[in-house]
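Below is one structure, written out as C-alpha coordinates; the observations come after it.
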Amino acid sequence: MTRLQGTGVVSGIAIGVLTFYEKETAVIHNRTYAGAEQEEHRVGEAVSQLDIELITLKDAALTSVGSQGVSLFEAYRMILQDLLFLEEIHALIYRDRMCAEDAVLEAGRSLAATLLPMEDAYLKQRAEDVKAVSQRLYEKLVGDHGDETLEQVQGILAAQTLTPAEMMHISRENVSAIVLEHAAENSHIAILAGLMDIPLIVGVRQGLGPDMNGLTAIADAERGALILSPTEEVLKQMEKRREQFLEAKELLQQYADRDTVTADGKRIRIEANISGLVDLDGALQYNVDGVGLFRTEFLFLGRKEAPNEEQQYRIYRKVAERMGDKPVVIRIMDLGADKMPDYLKTGEEENPAMGLRGIRFCLEKKGLLRTQLSAILRAAVHGRISLLIPMVVSLSEVLQVREILEDVKRMLTLTGEPFRMVPVGVMIETPAAALISDTLARNVDFFSIGTNDLTQYTIAMDRQNAKLKNYINPYHPAVFRLIRMAVDSAQKAGIPVSICGELAGDVTLCPYLISIGVTALSVSPTRVLTLRKTICEMRVDDYTDRNDQWKEYFS
Ligand code: PEP
Ligand code: MG
(Lines give C-alpha, C1' and ligand atoms only; values in the text may rest on other atoms or scores of the structure.)
(Ligands and ions follow the chains in the order given, each with its own letter.)
Protein backbone atom coordinates (compact mmCIF):
# COMPACT_ATOMS: atom_id res chain seq x y z
CA MET A 1 0.00 0.00 0.00
CA THR A 2 1.33 3.46 -0.94
CA ARG A 3 -0.03 6.77 0.21
CA LEU A 4 0.61 9.94 -1.81
CA GLN A 5 -0.30 13.32 -0.41
CA GLY A 6 -1.80 16.31 -2.17
CA THR A 7 -4.59 18.77 -1.44
CA GLY A 8 -8.26 17.88 -1.69
CA VAL A 9 -10.04 20.58 -3.63
CA VAL A 10 -13.42 19.10 -4.47
CA SER A 11 -14.39 16.88 -1.58
CA GLY A 12 -15.42 13.27 -1.85
CA ILE A 13 -14.05 9.76 -1.63
CA ALA A 14 -13.75 7.37 -4.57
CA ILE A 15 -12.60 3.79 -4.70
CA GLY A 16 -11.72 2.16 -8.02
CA VAL A 17 -9.19 1.31 -10.65
CA LEU A 18 -6.70 4.03 -11.55
CA THR A 19 -5.99 5.18 -15.10
CA PHE A 20 -3.04 7.44 -15.77
CA TYR A 21 -3.73 9.76 -18.68
CA GLU A 22 -0.71 10.73 -20.72
CA LYS A 23 -0.93 13.61 -23.09
CA GLU A 24 0.68 13.32 -26.45
CA THR A 25 3.97 15.13 -26.10
CA ALA A 26 3.83 18.63 -27.51
CA VAL A 27 4.73 18.75 -31.15
CA ILE A 28 7.77 20.90 -31.85
CA HIS A 29 7.41 22.74 -35.11
CA ASN A 30 10.26 23.22 -37.57
CA ARG A 31 8.81 26.02 -39.67
CA THR A 32 10.69 29.12 -40.65
CA TYR A 33 9.31 32.58 -41.29
CA ALA A 34 7.35 32.68 -44.54
CA GLY A 35 6.65 36.41 -44.65
CA ALA A 36 4.48 38.57 -42.45
CA GLU A 37 1.29 38.30 -44.45
CA GLN A 38 1.37 34.54 -44.65
CA GLU A 39 2.16 34.17 -40.95
CA GLU A 40 -0.62 36.57 -40.00
CA HIS A 41 -3.03 34.73 -42.25
CA ARG A 42 -2.18 31.41 -40.55
CA VAL A 43 -2.80 32.95 -37.13
CA GLY A 44 -6.16 34.24 -38.34
CA GLU A 45 -7.16 30.75 -39.51
CA ALA A 46 -6.06 29.16 -36.24
CA VAL A 47 -7.97 31.76 -34.24
CA SER A 48 -11.16 30.99 -36.19
CA GLN A 49 -10.69 27.24 -35.71
CA LEU A 50 -10.10 27.65 -32.00
CA ASP A 51 -13.08 29.93 -31.67
CA ILE A 52 -15.29 27.26 -33.23
CA GLU A 53 -13.79 24.68 -30.86
CA LEU A 54 -14.50 26.90 -27.87
CA ILE A 55 -18.10 27.41 -28.94
CA THR A 56 -18.49 23.62 -29.18
CA LEU A 57 -16.92 23.20 -25.74
CA LYS A 58 -19.22 25.87 -24.36
CA ASP A 59 -22.21 23.91 -25.62
CA ALA A 60 -20.76 20.73 -24.15
CA ALA A 61 -20.31 22.51 -20.82
CA LEU A 62 -23.89 23.67 -20.92
CA THR A 63 -25.05 20.07 -21.31
CA SER A 64 -22.71 18.50 -18.77
CA VAL A 65 -22.51 21.09 -15.99
CA GLY A 66 -25.19 23.65 -16.79
CA SER A 67 -24.85 27.36 -17.37
CA GLN A 68 -22.13 27.64 -14.73
CA GLY A 69 -19.57 25.96 -16.93
CA VAL A 70 -20.20 28.19 -19.88
CA SER A 71 -18.39 31.25 -18.56
CA LEU A 72 -15.06 29.46 -18.42
CA PHE A 73 -15.07 28.95 -22.16
CA GLU A 74 -16.48 32.43 -22.63
CA ALA A 75 -13.44 33.69 -20.72
CA TYR A 76 -11.18 31.79 -23.12
CA ARG A 77 -12.99 33.28 -26.07
CA MET A 78 -12.51 36.72 -24.60
CA ILE A 79 -8.76 36.13 -24.35
CA LEU A 80 -8.76 34.86 -27.92
CA GLN A 81 -10.47 38.02 -29.09
CA ASP A 82 -8.44 40.29 -26.81
CA LEU A 83 -6.93 43.03 -28.92
CA LEU A 84 -3.88 43.18 -26.70
CA PHE A 85 -3.11 39.52 -27.31
CA LEU A 86 -3.70 39.79 -31.04
CA GLU A 87 -1.71 43.02 -31.31
CA GLU A 88 1.22 41.39 -29.54
CA ILE A 89 1.14 38.49 -32.01
CA HIS A 90 0.95 40.97 -34.87
CA ALA A 91 3.95 42.91 -33.52
CA LEU A 92 6.00 39.76 -33.08
CA ILE A 93 5.29 38.71 -36.67
CA TYR A 94 5.91 42.10 -38.25
CA ARG A 95 8.57 43.56 -35.96
CA ASP A 96 10.48 40.50 -34.82
CA ARG A 97 9.84 38.41 -37.92
CA MET A 98 8.62 35.45 -35.90
CA CYS A 99 6.65 32.66 -37.51
CA ALA A 100 3.04 32.17 -36.39
CA GLU A 101 3.86 29.29 -34.01
CA ASP A 102 6.56 31.19 -32.12
CA ALA A 103 4.54 34.40 -32.09
CA VAL A 104 1.45 32.90 -30.42
CA LEU A 105 3.51 31.15 -27.75
CA GLU A 106 5.60 34.25 -27.09
CA ALA A 107 2.55 36.56 -26.95
CA GLY A 108 0.94 34.19 -24.43
CA ARG A 109 4.10 34.05 -22.37
CA SER A 110 4.58 37.80 -22.24
CA LEU A 111 0.94 38.58 -21.47
CA ALA A 112 0.92 35.94 -18.72
CA ALA A 113 4.16 37.35 -17.33
CA THR A 114 2.49 40.72 -16.70
CA LEU A 115 -0.09 38.95 -14.54
CA LEU A 116 2.07 36.49 -12.66
CA PRO A 117 4.07 38.80 -10.37
CA MET A 118 0.85 39.88 -8.70
CA GLU A 119 0.29 37.94 -5.51
CA ASP A 120 -3.28 37.16 -6.28
CA ALA A 121 -4.85 33.82 -6.96
CA TYR A 122 -7.40 35.27 -9.39
CA LEU A 123 -4.72 36.89 -11.53
CA LYS A 124 -2.52 33.83 -11.42
CA GLN A 125 -5.49 31.94 -12.81
CA ARG A 126 -5.91 34.53 -15.57
CA ALA A 127 -2.24 34.07 -16.43
CA GLU A 128 -2.87 30.31 -16.66
CA ASP A 129 -5.84 30.96 -18.94
CA VAL A 130 -3.77 33.12 -21.26
CA LYS A 131 -1.11 30.44 -21.45
CA ALA A 132 -3.73 27.76 -22.07
CA VAL A 133 -5.26 29.73 -24.93
CA SER A 134 -1.92 30.44 -26.59
CA GLN A 135 -0.87 26.80 -26.17
CA ARG A 136 -4.08 25.58 -27.80
CA LEU A 137 -3.63 28.10 -30.59
CA TYR A 138 -0.13 26.72 -31.08
CA GLU A 139 -1.52 23.19 -31.23
CA LYS A 140 -3.97 24.28 -33.89
CA LEU A 141 -1.08 25.72 -35.92
CA VAL A 142 0.98 22.54 -35.71
CA GLY A 143 -2.02 20.45 -36.62
CA ASP A 144 -2.94 18.73 -33.33
CA HIS A 145 -6.68 18.32 -33.05
CA GLY A 146 -6.95 17.21 -29.44
CA ASP A 147 -7.03 13.91 -27.65
CA GLU A 148 -10.30 12.13 -27.16
CA THR A 149 -9.00 9.01 -25.37
CA LEU A 150 -10.27 10.58 -22.17
CA GLU A 151 -13.78 9.65 -23.15
CA GLN A 152 -12.95 6.00 -22.48
CA VAL A 153 -11.47 6.50 -19.01
CA GLN A 154 -13.37 4.81 -16.18
CA GLY A 155 -12.74 4.97 -12.42
CA ILE A 156 -10.06 7.20 -10.90
CA LEU A 157 -8.28 9.41 -13.41
CA ALA A 158 -4.73 10.56 -12.67
CA ALA A 159 -2.70 12.94 -14.84
CA GLN A 160 0.00 15.52 -14.57
CA THR A 161 -2.43 18.21 -15.51
CA LEU A 162 -5.68 18.66 -17.42
CA THR A 163 -7.11 21.55 -19.39
CA PRO A 164 -10.75 22.65 -19.21
CA ALA A 165 -11.14 21.43 -22.79
CA GLU A 166 -9.94 17.96 -21.74
CA MET A 167 -12.37 18.05 -18.84
CA MET A 168 -15.18 18.24 -21.35
CA HIS A 169 -14.23 14.76 -22.60
CA ILE A 170 -14.79 13.33 -19.14
CA SER A 171 -18.15 12.22 -17.86
CA ARG A 172 -19.12 12.02 -14.23
CA GLU A 173 -20.76 8.67 -14.86
CA ASN A 174 -17.38 7.17 -15.79
CA VAL A 175 -14.84 9.09 -13.75
CA SER A 176 -15.23 8.84 -9.98
CA ALA A 177 -12.31 11.10 -8.98
CA ILE A 178 -9.45 13.07 -10.53
CA VAL A 179 -5.92 13.26 -9.13
CA LEU A 180 -3.50 15.79 -10.60
CA GLU A 181 0.10 16.72 -10.12
CA HIS A 182 -0.33 20.35 -11.19
CA ALA A 183 -3.41 22.51 -10.77
CA ALA A 184 -4.13 25.44 -8.54
CA GLU A 185 -6.74 25.05 -5.83
CA ASN A 186 -8.90 27.72 -7.41
CA SER A 187 -8.11 26.86 -11.03
CA HIS A 188 -10.70 26.40 -13.71
CA ILE A 189 -10.18 22.69 -13.44
CA ALA A 190 -11.17 22.93 -9.80
CA ILE A 191 -14.25 24.96 -10.68
CA LEU A 192 -15.26 22.52 -13.41
CA ALA A 193 -14.67 19.47 -11.23
CA GLY A 194 -16.78 21.14 -8.54
CA LEU A 195 -19.59 21.80 -10.97
CA MET A 196 -19.36 18.26 -12.34
CA ASP A 197 -19.29 16.99 -8.77
CA ILE A 198 -16.15 14.93 -9.31
CA PRO A 199 -13.83 14.69 -6.27
CA LEU A 200 -10.49 16.33 -7.07
CA ILE A 201 -7.04 16.13 -5.48
CA VAL A 202 -4.27 18.43 -6.75
CA GLY A 203 -0.59 18.86 -6.00
CA VAL A 204 0.30 15.17 -5.76
CA ARG A 205 3.94 15.69 -6.58
CA GLN A 206 5.44 12.31 -5.76
CA GLY A 207 5.52 11.17 -9.33
CA LEU A 208 2.18 10.06 -10.70
CA GLY A 209 2.92 7.92 -13.71
CA PRO A 210 1.83 5.22 -16.13
CA ASP A 211 3.20 2.49 -13.83
CA MET A 212 0.13 3.09 -11.69
CA ASN A 213 -2.24 2.10 -14.49
CA GLY A 214 -4.69 -0.57 -13.43
CA LEU A 215 -3.97 -0.41 -9.70
CA THR A 216 -6.82 -0.37 -7.21
CA ALA A 217 -6.83 3.05 -5.59
CA ILE A 218 -8.64 5.25 -3.13
CA ALA A 219 -8.89 8.96 -3.87
CA ASP A 220 -9.62 10.54 -0.52
CA ALA A 221 -10.22 14.18 -1.43
CA GLU A 222 -11.39 14.83 2.13
CA ARG A 223 -7.82 14.41 3.29
CA GLY A 224 -6.05 15.07 -0.01
CA ALA A 225 -4.65 11.53 -0.17
CA LEU A 226 -4.27 9.03 -2.98
CA ILE A 227 -3.88 5.50 -1.61
CA LEU A 228 -2.58 2.86 -4.03
CA SER A 229 -3.16 -0.88 -3.57
CA PRO A 230 -4.90 -0.48 -0.20
CA THR A 231 -5.09 -3.34 2.30
CA GLU A 232 -8.44 -5.03 2.91
CA GLU A 233 -8.73 -3.26 6.22
CA VAL A 234 -8.13 0.21 4.75
CA LEU A 235 -10.59 -0.56 1.98
CA LYS A 236 -13.26 -1.40 4.54
CA GLN A 237 -12.60 1.75 6.57
CA MET A 238 -12.74 3.90 3.48
CA GLU A 239 -16.01 2.32 2.31
CA LYS A 240 -17.49 3.33 5.63
CA ARG A 241 -16.12 6.88 5.46
CA ARG A 242 -17.41 7.16 1.94
CA GLU A 243 -20.92 6.30 3.05
CA GLN A 244 -20.74 8.82 5.89
CA PHE A 245 -19.45 11.46 3.54
CA LEU A 246 -22.29 10.88 1.07
CA GLU A 247 -24.87 11.12 3.84
CA ALA A 248 -23.39 14.40 5.12
CA LYS A 249 -23.21 15.74 1.58
CA GLU A 250 -26.82 14.98 0.91
CA LEU A 251 -27.71 16.78 4.09
CA LEU A 252 -25.69 19.83 3.06
CA GLN A 253 -27.26 19.87 -0.38
CA GLN A 254 -30.63 20.34 1.24
CA TYR A 255 -29.45 23.83 2.13
CA ALA A 256 -28.85 24.87 -1.46
CA ASP A 257 -32.26 26.45 -2.03
CA ARG A 258 -33.13 27.42 1.51
CA ASP A 259 -33.41 30.80 3.12
CA THR A 260 -30.94 31.38 5.90
CA VAL A 261 -32.93 31.58 9.13
CA THR A 262 -31.65 30.69 12.61
CA ALA A 263 -33.49 28.05 14.65
CA ASP A 264 -35.11 30.88 16.62
CA GLY A 265 -36.29 32.69 13.53
CA LYS A 266 -33.73 35.38 12.76
CA ARG A 267 -33.24 35.91 9.03
CA ILE A 268 -29.59 36.30 8.04
CA ARG A 269 -28.41 37.27 4.58
CA ILE A 270 -25.64 35.26 2.95
CA GLU A 271 -24.14 37.13 0.03
CA ALA A 272 -21.32 36.40 -2.38
CA ASN A 273 -17.90 37.94 -2.87
CA ILE A 274 -17.07 38.11 -6.57
CA SER A 275 -14.17 39.43 -8.65
CA GLY A 276 -15.84 39.29 -12.04
CA LEU A 277 -18.65 37.79 -14.07
CA VAL A 278 -17.10 34.32 -13.92
CA ASP A 279 -17.68 34.06 -10.16
CA LEU A 280 -21.36 34.81 -10.47
CA ASP A 281 -22.27 31.32 -11.62
CA GLY A 282 -21.07 29.74 -8.41
CA ALA A 283 -22.96 32.34 -6.41
CA LEU A 284 -26.22 31.79 -8.22
CA GLN A 285 -26.26 28.03 -7.77
CA TYR A 286 -26.47 28.43 -3.97
CA ASN A 287 -29.29 30.92 -3.90
CA VAL A 288 -27.31 33.75 -2.31
CA ASP A 289 -29.14 36.88 -1.20
CA GLY A 290 -27.04 39.16 -3.34
CA VAL A 291 -23.50 40.16 -4.18
CA GLY A 292 -22.04 41.60 -0.98
CA LEU A 293 -18.71 42.54 -2.48
CA PHE A 294 -17.74 42.98 -6.12
CA ARG A 295 -13.96 43.58 -6.10
CA THR A 296 -13.78 45.74 -9.23
CA GLU A 297 -10.01 46.26 -9.08
CA PHE A 298 -9.67 42.95 -10.92
CA LEU A 299 -11.16 44.58 -14.00
CA PHE A 300 -8.15 46.89 -14.09
CA LEU A 301 -5.44 44.27 -13.70
CA GLY A 302 -3.71 42.25 -16.38
CA ARG A 303 -4.27 44.82 -19.10
CA LYS A 304 -2.28 47.58 -20.73
CA GLU A 305 -4.83 50.31 -20.04
CA ALA A 306 -7.86 50.87 -17.82
CA PRO A 307 -11.23 49.59 -19.06
CA ASN A 308 -13.24 52.51 -20.42
CA GLU A 309 -16.66 53.57 -19.16
CA GLU A 310 -18.54 51.54 -21.74
CA GLN A 311 -16.62 48.35 -20.96
CA GLN A 312 -17.18 48.80 -17.23
CA TYR A 313 -20.83 49.70 -17.70
CA ARG A 314 -21.46 46.49 -19.61
CA ILE A 315 -19.95 44.35 -16.85
CA TYR A 316 -21.74 46.11 -13.97
CA ARG A 317 -24.99 45.99 -15.88
CA LYS A 318 -24.63 42.28 -16.59
CA VAL A 319 -23.95 41.50 -12.91
CA ALA A 320 -26.94 43.61 -11.84
CA GLU A 321 -29.22 41.99 -14.41
CA ARG A 322 -28.15 38.46 -13.55
CA MET A 323 -28.83 39.11 -9.87
CA GLY A 324 -32.34 40.37 -10.72
CA ASP A 325 -33.99 41.95 -7.70
CA LYS A 326 -31.15 40.99 -5.36
CA PRO A 327 -28.69 43.70 -4.30
CA VAL A 328 -25.21 44.06 -5.75
CA VAL A 329 -22.56 45.96 -3.79
CA ILE A 330 -19.94 47.31 -6.19
CA ARG A 331 -16.75 48.36 -4.48
CA ILE A 332 -14.78 51.23 -5.97
CA MET A 333 -11.53 49.79 -7.36
CA ASP A 334 -9.26 48.98 -4.43
CA LEU A 335 -6.00 49.35 -6.34
CA GLY A 336 -2.62 49.66 -4.68
CA ALA A 337 -0.66 47.45 -2.31
CA ASP A 338 -0.26 44.15 -4.18
CA LYS A 339 -2.77 45.09 -6.88
CA MET A 340 -1.35 47.90 -9.02
CA PRO A 341 -1.10 47.57 -12.80
CA ASP A 342 2.02 49.01 -14.45
CA TYR A 343 0.05 51.57 -16.43
CA LEU A 344 -1.15 53.22 -13.22
CA LYS A 345 2.08 53.04 -11.21
CA THR A 346 3.36 56.40 -10.07
CA GLY A 347 6.80 55.33 -8.88
CA GLU A 348 7.88 52.76 -6.35
CA GLU A 349 6.49 52.90 -2.83
CA GLU A 350 8.51 51.70 0.12
CA ASN A 351 5.46 50.39 1.93
CA PRO A 352 2.62 50.00 -0.58
CA ALA A 353 0.15 48.37 1.83
CA MET A 354 0.23 51.64 3.75
CA GLY A 355 0.67 53.71 0.61
CA LEU A 356 -1.46 55.13 -2.14
CA ARG A 357 -4.19 52.53 -2.18
CA GLY A 358 -7.98 52.22 -2.12
CA ILE A 359 -9.86 55.46 -1.95
CA ARG A 360 -6.66 57.48 -1.39
CA PHE A 361 -5.42 56.36 -4.80
CA CYS A 362 -8.79 57.08 -6.45
CA LEU A 363 -8.91 60.58 -5.08
CA GLU A 364 -5.49 61.21 -6.64
CA LYS A 365 -6.78 59.84 -9.96
CA LYS A 366 -10.13 61.55 -10.09
CA GLY A 367 -10.60 60.98 -13.83
CA LEU A 368 -10.41 57.24 -13.32
CA LEU A 369 -12.82 57.40 -10.39
CA ARG A 370 -15.30 59.58 -12.32
CA THR A 371 -15.33 57.09 -15.17
CA GLN A 372 -16.05 54.23 -12.80
CA LEU A 373 -18.76 56.11 -10.91
CA SER A 374 -20.42 57.12 -14.16
CA ALA A 375 -20.47 53.49 -15.34
CA ILE A 376 -21.92 52.40 -11.99
CA LEU A 377 -24.70 55.02 -11.91
CA ARG A 378 -25.69 54.08 -15.46
CA ALA A 379 -25.69 50.36 -14.67
CA ALA A 380 -27.80 51.04 -11.57
CA VAL A 381 -30.81 51.56 -13.85
CA HIS A 382 -30.72 47.80 -14.49
CA GLY A 383 -30.69 46.42 -10.95
CA ARG A 384 -30.17 47.09 -7.26
CA ILE A 385 -26.63 48.45 -7.12
CA SER A 386 -24.94 50.13 -4.15
CA LEU A 387 -21.50 51.66 -3.98
CA LEU A 388 -18.84 50.72 -1.45
CA ILE A 389 -15.76 52.83 -0.67
CA PRO A 390 -12.58 50.88 0.20
CA MET A 391 -9.83 51.72 2.69
CA VAL A 392 -11.63 54.66 4.26
CA VAL A 393 -9.85 56.35 7.16
CA SER A 394 -11.76 59.64 7.40
CA LEU A 395 -15.12 61.26 6.82
CA SER A 396 -13.58 63.68 4.36
CA GLU A 397 -12.96 60.82 1.92
CA VAL A 398 -16.65 59.95 1.97
CA LEU A 399 -17.63 63.57 1.43
CA GLN A 400 -15.24 63.88 -1.50
CA VAL A 401 -16.72 60.79 -3.14
CA ARG A 402 -20.20 62.22 -2.64
CA GLU A 403 -19.10 65.46 -4.32
CA ILE A 404 -17.72 63.57 -7.30
CA LEU A 405 -20.95 61.58 -7.48
CA GLU A 406 -22.88 64.85 -7.69
CA ASP A 407 -20.58 65.98 -10.49
CA VAL A 408 -21.07 62.73 -12.38
CA LYS A 409 -24.80 63.03 -11.90
CA ARG A 410 -24.76 66.53 -13.40
CA MET A 411 -22.81 65.30 -16.42
CA LEU A 412 -25.14 62.38 -17.00
CA THR A 413 -28.16 64.68 -16.74
CA LEU A 414 -26.61 67.03 -19.26
CA THR A 415 -25.93 64.27 -21.75
CA GLY A 416 -29.35 62.75 -21.20
CA GLU A 417 -27.89 59.36 -20.25
CA PRO A 418 -30.26 57.33 -18.01
CA PHE A 419 -28.83 56.73 -14.52
CA ARG A 420 -29.89 56.10 -10.95
CA MET A 421 -28.35 57.35 -7.70
CA VAL A 422 -27.09 54.56 -5.46
CA PRO A 423 -26.74 54.04 -1.69
CA VAL A 424 -23.18 54.69 -0.52
CA GLY A 425 -21.43 52.56 2.09
CA VAL A 426 -17.92 52.29 3.49
CA MET A 427 -15.59 49.41 4.16
CA ILE A 428 -14.60 49.27 7.80
CA GLU A 429 -11.18 47.77 7.24
CA THR A 430 -8.84 50.16 9.00
CA PRO A 431 -8.68 50.71 12.74
CA ALA A 432 -9.29 54.42 12.02
CA ALA A 433 -12.61 53.68 10.32
CA ALA A 434 -13.74 51.46 13.18
CA LEU A 435 -12.75 54.06 15.76
CA ILE A 436 -14.70 56.83 14.01
CA SER A 437 -17.51 54.50 12.94
CA ASP A 438 -20.06 56.56 14.91
CA THR A 439 -19.32 59.59 12.71
CA LEU A 440 -19.14 57.53 9.53
CA ALA A 441 -22.43 55.79 10.31
CA ARG A 442 -24.28 59.12 10.34
CA ASN A 443 -22.97 59.91 6.85
CA VAL A 444 -23.32 56.68 4.92
CA ASP A 445 -26.03 54.16 4.07
CA PHE A 446 -24.30 50.94 5.17
CA PHE A 447 -21.11 49.39 6.53
CA SER A 448 -19.21 46.40 5.25
CA ILE A 449 -16.52 45.15 7.59
CA GLY A 450 -13.39 43.92 5.82
CA THR A 451 -11.79 41.70 8.41
CA ASN A 452 -8.80 40.82 6.21
CA ASP A 453 -7.36 44.32 6.20
CA LEU A 454 -8.82 45.22 9.56
CA THR A 455 -6.79 42.37 11.06
CA GLN A 456 -3.58 43.21 9.22
CA TYR A 457 -3.69 46.89 10.17
CA THR A 458 -4.81 46.31 13.75
CA ILE A 459 -2.16 43.76 14.63
CA ALA A 460 0.38 45.35 12.26
CA MET A 461 1.09 42.13 10.38
CA ASP A 462 1.27 41.98 6.61
CA ARG A 463 -1.42 39.57 5.38
CA GLN A 464 0.76 38.62 2.37
CA ASN A 465 3.82 37.76 4.39
CA ALA A 466 4.17 33.97 4.56
CA LYS A 467 6.66 34.28 7.41
CA LEU A 468 3.92 35.63 9.65
CA LYS A 469 1.58 32.68 9.17
CA ASN A 470 2.20 31.43 12.70
CA TYR A 471 1.87 34.86 14.25
CA ILE A 472 -1.35 36.09 12.72
CA ASN A 473 -4.23 35.43 15.08
CA PRO A 474 -7.43 35.92 13.13
CA TYR A 475 -9.32 35.91 16.45
CA HIS A 476 -7.29 38.67 18.05
CA PRO A 477 -9.37 40.42 20.75
CA ALA A 478 -8.33 43.84 19.43
CA VAL A 479 -9.96 43.04 16.08
CA PHE A 480 -13.12 41.90 17.82
CA ARG A 481 -13.37 45.06 19.84
CA LEU A 482 -13.17 47.06 16.63
CA ILE A 483 -15.76 44.86 14.92
CA ARG A 484 -18.06 45.29 17.89
CA MET A 485 -17.53 49.04 17.86
CA ALA A 486 -18.46 49.27 14.17
CA VAL A 487 -21.53 47.06 14.63
CA ASP A 488 -22.71 49.16 17.57
CA SER A 489 -22.25 52.38 15.60
CA ALA A 490 -24.21 50.96 12.68
CA GLN A 491 -27.03 49.83 14.95
CA LYS A 492 -27.23 53.20 16.69
CA ALA A 493 -27.45 54.97 13.35
CA GLY A 494 -29.93 52.40 12.03
CA ILE A 495 -27.87 51.34 9.03
CA PRO A 496 -27.17 47.74 7.92
CA VAL A 497 -23.81 46.17 8.61
CA SER A 498 -22.32 43.16 6.90
CA ILE A 499 -19.00 41.36 7.06
CA CYS A 500 -17.17 40.58 3.84
CA GLY A 501 -13.69 39.49 4.99
CA GLU A 502 -12.63 35.88 5.45
CA LEU A 503 -14.01 35.77 8.99
CA ALA A 504 -17.51 35.99 7.55
CA GLY A 505 -17.23 32.38 6.39
CA ASP A 506 -15.81 31.08 9.66
CA VAL A 507 -18.43 28.72 11.01
CA THR A 508 -16.99 28.77 14.53
CA LEU A 509 -17.34 32.49 14.65
CA CYS A 510 -20.54 33.24 12.79
CA PRO A 511 -22.80 32.60 15.83
CA TYR A 512 -20.87 35.28 17.70
CA LEU A 513 -21.08 37.74 14.81
CA ILE A 514 -24.81 37.16 14.52
CA SER A 515 -25.31 37.45 18.27
CA ILE A 516 -23.77 40.94 18.26
CA GLY A 517 -26.09 42.12 15.51
CA VAL A 518 -24.47 41.33 12.16
CA THR A 519 -27.26 40.48 9.74
CA ALA A 520 -25.35 39.81 6.53
CA LEU A 521 -22.25 37.78 5.74
CA SER A 522 -20.59 37.95 2.35
CA VAL A 523 -18.40 34.99 1.45
CA SER A 524 -16.86 33.20 -1.48
CA PRO A 525 -19.57 31.02 -3.12
CA THR A 526 -17.93 27.75 -2.06
CA ARG A 527 -18.55 28.54 1.60
CA VAL A 528 -22.24 29.28 1.32
CA LEU A 529 -23.71 25.87 2.14
CA THR A 530 -21.75 25.08 5.32
CA LEU A 531 -22.31 28.61 6.54
CA ARG A 532 -26.04 28.37 5.90
CA LYS A 533 -26.26 25.02 7.66
CA THR A 534 -24.46 26.41 10.73
CA ILE A 535 -26.75 29.41 10.86
CA CYS A 536 -29.94 27.42 10.39
CA GLU A 537 -28.90 25.15 13.27
CA MET A 538 -27.99 27.91 15.75
CA ARG A 539 -30.20 29.83 18.14
CA VAL A 540 -29.23 33.48 18.54
CA ASP A 541 -30.56 33.44 22.10
CA ASP A 542 -28.18 30.68 23.12
CA TYR A 543 -25.24 32.77 22.11
CA THR A 544 -26.52 36.04 23.52
CA ASP A 545 -27.11 34.26 26.85
CA ARG A 546 -23.73 32.64 26.67
CA ASN A 547 -22.00 35.93 26.05
CA ASP A 548 -19.74 35.36 29.02
CA GLN A 549 -17.96 32.69 27.07
CA TRP A 550 -17.38 35.06 24.20
CA LYS A 551 -16.45 37.90 26.51
CA GLU A 552 -13.63 35.89 27.93
CA TYR A 553 -12.53 34.96 24.46
CA PHE A 554 -12.68 38.30 22.77
CA SER A 555 -12.05 40.96 25.37
C1 PEP B 1 -11.00 42.83 3.54
O2 PEP B 1 -10.03 43.57 3.65
O3 PEP B 1 -11.45 42.14 4.47
C4 PEP B 1 -11.72 42.76 2.24
C5 PEP B 1 -12.84 42.10 2.11
O6 PEP B 1 -11.14 43.36 1.17
P7 PEP B 1 -9.93 42.69 0.34
O8 PEP B 1 -9.75 41.30 0.85
O9 PEP B 1 -10.33 42.79 -1.07
O10 PEP B 1 -8.80 43.60 0.69
MG1 MG C 1 -9.57 45.03 2.09
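For segment 411-434, residues that are away from ligand 2 (no atom under 16 Å from the Cβ) and closer than 21 Å to residue 484 by Cβ total 0.
Exactly one residue out of 346, 371 is free of Cβ contacts under 8 Å to residues at least 60 places away in the same chain and more than 16 Å from residue 427 (Cα to Cα): that is 346. Only helices (runs of 4 or more DSSP H) whose full extent lies in segment 419-488 are considered here, and the ones with at least 1 residues that are of a type in the set (A, V, I, L, M) and more than 13 Å from ligand 1 (Cβ to nearest atom) are 431-435, 437-441. Within segment 75-101, restricting attention to residues that are assigned to a helix (DSSP H, G or I) and in contact (Cβ under 8 Å) with a residue 60 or more places away in the chain, the residue that is surrounded by the fewest Cβ atoms within 10 Å (Cβ to Cβ) is 84. The residues in segment 347-366 that are in a helix (DSSP H, G or I), within 29 Å of residue 406 (Cβ to Cβ) and not hydrophobic (A, V, I, L, M, F, W, C) can be counted, and the count is 4. For segment 380-410, a residue qualifies if it is among the charged types (D, E, K, R) and within 16 Å of ligand 2 (Cβ to nearest atom), and exactly one does: 397.
Within segment 437-450, the residues that satisfy the criterion of being more than 12 Å from ligand 2 (Cβ to nearest atom) and in contact with a helix residue (DSSP H, G or I) (Cβ under 7 Å, 6 or more places away or on another chain) are 437, 438, 439, 440, 441, 442, 443, 444, 447. May I ask you to verify whether residue 9 is modelled with pLDDT under 90, in contact with a strand residue (DSSP E or B) (Cβ under 8 Å, 6 or more places away or on another chain) and buried (at least 16 other Cβ atoms within 10 Å of the Cβ)? In short, yes. Considered as a group, the residues in segment 419-454 that are surrounded by 20 or more Cβ atoms within 10 Å (Cβ to Cβ) and under 21 Å from the mean Cα position of the chain (by Cα) include one that is nearest to residue 495 (Cα to Cα), and that residue is 448.
Just wondering, is there one or more residues in segment 293-302 that are under 21 Å from residue 376 (Cβ atoms) and either basic (Lys, Arg) or surrounded by fewer than 19 Cβ atoms within 10 Å (Cβ to Cβ) (or both)? Looking through segment 293-302, at least one residue is under 21 Å from residue 376 (Cβ atoms) and either basic (Lys, Arg) or surrounded by fewer than 19 Cβ atoms within 10 Å (Cβ to Cβ) (or both). Against the test of being farther than 27 Å from residue 167 by Cα, at pLDDT below 90 and either assigned to a helix (DSSP H, G or I) or not charged (D, E, K, R) (or both), the options 251, 192 yield a single qualifying residue, 251. With the structure loaded, tell me whether residue 3 is on the phi > 0 side of the Ramachandran plot and surrounded by fewer than 17 Cβ atoms within 10 Å (Cβ to Cβ) or whether it fails that test. Against the criterion (on the phi > 0 side of the Ramachandran plot and surrounded by fewer than 17 Cβ atoms within 10 Å (Cβ to Cβ)), residue 3 does not qualify.
Being surrounded by fewer than 20 Cβ atoms within 10 Å (Cβ to Cβ), away from ligand 1 (no atom under 16 Å from the Cβ) and of a type in the set (Gly, Ala, Ser): is that true of residue 383 here? So residue 383 fails the test. Checking 369, 399, 373 one by one, the residue that is surrounded by fewer than 16 Cβ atoms within 10 Å (Cβ to Cβ), part of a helix (DSSP H, G or I) and not aromatic (Phe, Trp, Tyr) is 399 and no other.
The values are calculated or read from the model by the stated rules, or taken from the named source; none is laboratory data. Everything numeric here is computed off the predicted structure, so don't read it as measured data. Methodologically, a virtual Cβ is constructed for each residue, glycine included, from the backbone with ideal geometry; neighbour enumeration extends over all protein chains shown.
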